[in-house]
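Visitor: Okay, here's the structure, questions in a sec.
Since every read-out is calculated from the coordinates, none of them should be taken as a lab result. No experiment lies behind these values; they were computed from the predicted model shown. Every residue, glycine among them, receives a Cβ derived from its backbone with ideal geometry; neighbour counts consider all protein chains shown.
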Amino acid sequence: MPYLQNKQTPPGSGSLRKLLFKGFFVLLPGALTLWIVNFAFNLADQWLGPAVDAFVRAVVPAQLLVGPFTGGHVPGLSFFVLLLAFVLVGGLTTFAFGSFVFRQLDYLIGLIPGAGVVYKSTRKVGDLFSNPKDTPFQKVVIVPLMGTKALALVSGRTIDAVTGEPHLRVAVPTPPNPFSGLLFLVPEKDCIDCGMTVEEGMQYFVSLGMVGPAEMSLTQRAGTGRGGEQ
């Protein structure tokens, strides 16, 4: 029947489609970067713009505020003030008093119903990237999962009260959020230390596997045990 016959693809349409998608993905990183930078500039202007403009008008003579600087608005200045604020906050937290103050603020914000849950989750992600040594995970291992192998983050160790066999408490994240996923108790003898640091493992999950080592230990080495340890 005519309507069941395969339609002929116009010559060159396949190559044109490939070029279209290739050009799209070549330009996508740059376009996404520009969008993020523009978003950050606009957000800084919304948050700090009025205060920064008032400060400029107060310290700069009015005769100099002409052209694009009319009204005291200096394009991009709010963004750099925001960056300076980040640097100052980071510097304050390196001192004992500053760290104490921010811990108290963390505690108070965490008491707010609803918002506290969101804040605590965001704080965990921030702590992970600002201070990888304080991560709740111990190491990255390979575990058997549904007939294949999966990368998992070790959060602790549990002993079977009946058999005495040690198990590892592991989390298999669902990218790109490394703090959501599936939790398993896997016999320690079945876990393989893949040789990645926790920070490298996080980068692997967040990047959907695009950032990761070209080689890793996927097979248990002879003479190893306890999660791949010698």
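Visitor: Over the stretch 47-156, what relative contact order in percent results from Cα pairs under 8 Å that are six or more residues apart? Write down the numbers at each step before the final one.
Guide: Working: 65 pairs, mean separation 13.2, N = 110.
In percent, rounded to a whole number, it is 12.
Visitor: In nm, to one decimal, how far is the modelled label at Ala54 from the one at Thr70, with both set 7 Å along Cα→Cβ?
Guide: Calculated label separation equals 2.3 nm.
Visitor: Among Val37, Val52, rank each residue by its count of other Cβ atoms within 10 Å, from fewest to most, as a rough exposure measure.
Guide: The most exposed by this proxy come first: Val37, Val52.
Visitor: Is there a quick way to get the dipole size of the stretch 136-206? I mean about its Cα centre, with the Cβ of Lys and Arg at +1 and of Asp and Glu at -1; what is the value in debye to the nearest 20?
Guide: On the way: 5 positive and 7 negative charges, 17 e Å.
Dipole magnitude for the stretch 136-206 comes out near 80 debye.
Visitor: Non-local amide H neighbours of Arg157 (under 5 Å, H modeled in plane, Pro and chain starts lacking H): which ones?
Guide: Long-range HN contacts for Arg157: Arg169.
Visitor: Continuing with this model, one more query. Can you tell me the dipole magnitude for the stretch 15-115 around its Cα centre, using point charges on the Cβ only (Lys, Arg +1; Asp, Glu -1), in Debye to the nearest 20?
Guide: Numbers: 5 positive and 3 negative charges, 104 e Å.
It comes to approximately 500 debye.
Visitor: Given R₀ = 35 Å, FRET efficiency for Val162-Thr219 by Cβ-Cβ distance, to 0.05? Intermediate results must be reported in sequence, preceding the final value.
Guide: Working: r = 29 Å, r/R0 = 0.84.
The pair Val162/Thr219 has a calculated efficiency of 0.75.
Visitor: Follow-up question, since we're still on this one. Give me the distance between the Cα centres of the stretch 152-196 and the stretch 13-80, rounded to whole Å.
Guide: For the stretch 152-196 versus the stretch 13-80, the Cα centre distance is 44 Å.
Visitor: Taking R0 as 45 Å, what FRET efficiency do you get between Phe184 and Leu84 from their Cβ-Cβ distance, rounded to the nearest 0.05?
Guide: Values: r = 45 Å, r/R0 = 0.99.
The computed FRET efficiency comes out at 0.50.
Visitor: If you don't mind, there's one more thing I want to ask. Pull up all non-local amide H partners of Gly181: gap of 5 or more, or a different chain, and H-to-H distance under 5 Å with H placed in the peptide plane.
Guide: Under 5 Å from the amide H of Gly181 lie the amide H atoms of Thr174, each far enough along the sequence or on another chain.
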